[in-house]
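Only one structure is covered here, and it is reproduced in the block below.
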Amino acid sequence: MDAKKIRDDFPILKRKIRGKTLVYLDNAATTQKPRQVIQALSEFYENHNANIHRGVHTLSDEATALVEETRSKTAAFIGAPKPETVVFTRNATEAINLVAHSWGRKFLKGGDEVLLTEMEHHSNLVPWQMLAQERGILLRFIPMTPEGTLDLSAAAGLLGPKTKLVSFTAASNALGTLIPVEKILALAKSAGAKTLVDASQWAPHRPLDVARWDCDFLAFSAHKMLGPTGVGVLYGKEELLEQMDPFLGGGDMISRVFLDRFTPNALPFKFEAGTPNIADEAAFAAALDYLTKVGLTAVREHEAALTKKAIETLSALPGITIYGPKDLAQRGGVVSFNVDGLHAHDIGTSLDLEGIAVRAGHHCCQPLMNKLKVPGTARASFYLYNTLEEVAALGRALEKTIAFFTKKPAAVSSHG
Amino acid sequence: MAEGDQELQDLYREVLLDYFRSGAHKGTLDPADFKAHGINPVCGDEIELTMKTGKEGTIAAVRFSGHGCVISQASSAMMAEALEGKSVSQARELVHAFKGMMLSKAPLESLPEELEALKSLEGVRKFPMRVKCATLAWNTLAQGLAAEGKKSEFQEVE
């Protein structure tokens with residue numbers, strides 16, 4: 001894999017930020033888009049734009065075929081047995097909310113338990129809190145160790161006959177920890193619980209096969225994997241999706257409508273009410289093609305090399321704390337850190353002045369930050385177009401930042 | 001590289017760093033005559049503001065606690081300094097003047113002299129995402145005062 005060559009496909013990487021070449025290290029938040037995806041979007045609007053599943057005219061046929069082609073490619077990308085088991089949503093958050101609404105409200109009752117982990121993004125926590133408030137179900141959590149891994153020895157004790165669902169992230173967006181997905185799935189299955197994997201930080205970066213995992217649901221977002229914003233994916237086992245109630249009501253999700261009732265449409269349209277995000281769904285195919293061509297194994301290895309180098313570089317600087325597992329085999333391409341005496345936002349702004357984009361804050365994981373006893377962290381997250389030179393640039397900019405903020409002891413103040 | 005240095009110095013001025021490092025006005029007054037709690041929703045940073053009033057309702061002492069960045073902590077310390085000895089209505093005017101400064105691009109000459117030190121936050125105006133850091137303490141104060149005016153509880157103000 002040649003990251004330098006790949007960079008030529010990403011127009012934004014040539015941008016200057018405050019006169020400096022952009023170093024984009026906020027890929028866990030969203031990734032940049034290759035020209036192929038941008039062109040697919042304009043190609044759609046210039047040549048194929050129409051509403052789908054309802055016209056008999058040529059453009060509607062073409063637009064429908066493009067969206068359904070993306071669905072087939074998405075199914076193939078994740079190893080789903082049939083395209084109908086792939087539901088398009090706005091994002092992974094909406095996909096998880098769909099499960100909470102359409103499966104949770106139908107199948108969970110007071111006293112039932114949902115097992116999550118302490119490392120969840122708010123998107124895989126708040127929907128279950130909302131359901132818990134409404135239905136009196138109980139949320140339990142697999143604890144996080146101080147090193148930022150899951151304490152699986154505690155998991156068995158948290159599972160029981162009341163556990164109806166185990167819903168967990170496959171990789172931590174805040175720390176980069178890779179979660180032992182198959183072990184948790186095996187534990188859940190032995191307790192007879194359904195499973196939902198939040199693959200938002202996994203699907204873009206490493207190969208994934210839902211048939212092998214045999215999870216019941218899986219969610220991720222297109223925009224974190226070179227695709228457009230506004231497209232999320234929910235995979236679900238066909239028999240479960242069939243049993244579930246619809247999510248939103250409206251056009252496209254119905255088979256027949258009378259004044260007093262409706263019958264829902266077949267999968268996956270039962271869950272796709274209203275005009276969907278047609279153009280972005282069509283253009284997502286170009287992102288899947290791009291990743292398939294490069295190969296996720298190559299992406300994973302490239303990110304591992306960047307992560308190793310970043311940890312070495314940052315560890316050499318004074319006052320740095322790096323969070324997450326020390327064992328590199330348990331890490332994805334995320335390096336979350338703090339500098340003694342400095343707030344993550346000051347680090348973020350200072351790096352921005354050097355053209356380096358990192359995320360600073362709680363990363364939508366406030367309970368995880370509370371557990372680490374920090375208000376937030378600065379986070380560099382890598383993707384296929386990042387280079388070792390960019391990691392070195394991060395190291396230099398951070399060294400300057402530390403020097404700037406620690407250059408003088410506090411002048412004894414007369415104020416108060 | 002020098003250009004980046006210049007920008008860093010323009011944003012994080014020496015006065016600002018001095019206030020940040022000084023720890024002035026950090027802490028909690030207990031008992032307090034006024035208590036307000038604020039959260040910056042962008043980053044989750046929290047501040048708790050406590051004040052004691054003296055004769056004729058003037059603000060006698062101000063303390064703030066909680067974690068935050070250089071900008072929010074320095075702004076809180078400078079606010080606390082500016083408030084001591086002021087009446088509640090003067091405090092409201094200072095909030096108005098300071099927020100006016102942070103939310104406009106206009107020159108700073110019209111700022112009241114009590115807010116002299118706060119001119120060091122001028123550079124923050126070029127960073128829209130950071131303006132909320134500078135105004136956190138001030139918004140907390142304003143909302144706390146408003147809640148107190150209504151004689152309702154002013155424990156949890158966001």
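Just so you know, the Cα atoms of region A:37-292 work out to an Rg and Dmax of 18.6, 60 Å.
Relative to the longest principal axis of the Cα atoms of chain A, the long axis of helix A:181-190 lies at roughly 50 degrees.
Axis angle, to the nearest 10 degrees, between helix A:126-135 and the longest C-alpha principal axis of chain A: 50 degrees.
Ranked for footprinting exposure by Cβ neighbours inside 10 Å, fewest first, A:THR263, B:THR135 give A:THR263, B:THR135.
DSSP beta bridges fully contained in region A:79-212 are about 15 percent antiparallel.
Mind jotting down a quarter of the surface of the convex hull over the alpha carbons of region A:190-242, in square nanometres, one decimal?
4.4
Across region A:24-40, coupling constants 3J(HN,Hα) worked out from phi with the 6.51/-1.76/1.60 Karplus curve, θ = phi - 60°, read 8, 10, 10, 6, 6, 7, 7, 9, 6, 10, x, 3, 4, 6, 4, 5, 5 Hz, and Gly and Pro carry x. Shown here: region A:239-343, whose C-alpha atoms stretch 70, 37, 28 Å along the first, second and third principal axes, sorted largest to smallest. Across peptide A:345-355, the mean count of Cβ atoms from other chains lying within 10 Å of each residue's own Cβ comes to 6. Residue order for B:VAL95, A:VAL335, fewest other beta carbons within 10 angstrom first, comes to B:VAL95, A:VAL335.
Compute the helix-to-body angle for A:388-405: its Cα long axis versus the longest principal axis of chain A, expressed 0 to 90° and rounded to tens. Taking the Cα atoms of chain A, the angle to A:388-405 is about 60 degrees. Entry note, chain B: the mean residue ellipticity at 222 nm calculated from DSSP H runs of n ≥ 4, each adding -39500 (n - 2.57), is -14500 deg cm²/dmol after division by the residues and rounding to the nearest 500.
Less than 5 angstrom separates the built amide H of A:VAL23 from those of A:ILE356, A:ALA357, all sequence-distant by 5 or more or on a different chain. Close amide H pairs (under 5 Å, H built 1.01 Å from N) link A:THR195 with A:VAL166, A:ASP216, A:PHE217, residues at least 5 positions away or on another chain. In chain A, helices alone account for a calculated mean residue ellipticity at 222 nm of -11000 deg cm²/dmol, with every DSSP H run of four or more residues adding -39,500 (n - 2.57). Among A:LYS309, A:LYS162, A:LYS82, sorting on how many other beta-carbon atoms sit within 10 Å of each Cβ, with the fewest leading, yields A:LYS82, A:LYS162, A:LYS309.
In summary, the helical segments of chain B meeting the span-like criteria, namely a full DSSP H run, a Cα extent along the axis of 15 angstrom or more and a mean Kyte-Doolittle hydropathy of at least -0.5, are B:70-83, B:88-103, B:128-149. The Kirkwood hydrodynamic radius of region A:83-150, based on inverse pair distances between different Cα atoms, is 13.1 Å. In terms of the mean number of neighbouring beta-carbon atoms within 10 Å, the peptides A:216-224, A:88-96 order highest first as A:216-224, A:88-96. Both radii were evaluated on the Cα set of the protein assembly as shown; the Rg over Rh quotient, with Rh as the Kirkwood radius, amounts to 1.01. Counted over the protein assembly as shown, the DSSP beta bridges are approximately 65% antiparallel. Annotation: extensible slack from A:GLU238 through A:LYS308 equals 21.2 nm (criterion: 0.36 nm per residue apart, minus Cα-Cα distance). Amide H contacts under 5 Å for A:THR163: A:GLU113, restricted to partners 5 or more places along the chain or on a different chain, H placed in the peptide plane at 1.01 Å from N.
Here the Kirkwood formula, the inverse mean of 1/r across different C-alpha pairs, assigns chain B a hydrodynamic radius of 15.8 Å. In summary, the lysines within cross-link reach of A:LYS109, defined as a Cα separation below 29 angstrom excluding same-chain residues under 8 places away, comprise A:LYS162, A:LYS164, A:LYS183, A:LYS189, A:LYS194, A:LYS237, A:LYS270. Listed by chain and number, the lysines whose C-alpha is less than 19 Å from the C-alpha of B:LYS132, apart from same-chain residues fewer than 8 away, are B:LYS99, B:LYS105, B:LYS119.
Across the residues of B:60-70, average count of Cβ atoms on other protein chains within 10 Å?
3
The A:LEU59 and A:PHE107 beta-carbon pair, evaluated with R₀ = 41 Å, returns a calculated FRET efficiency of approximately 0.50.
The numbers here are math on the coordinates, done by the rules we state, and not lab data. If you're wondering where the values come from, they're calculated on a predicted model, not measured in any experiment. Because the Cβ atoms are built from the backbone with ideal geometry, glycine has one as well, and the counts that use them run over all protein chains shown.
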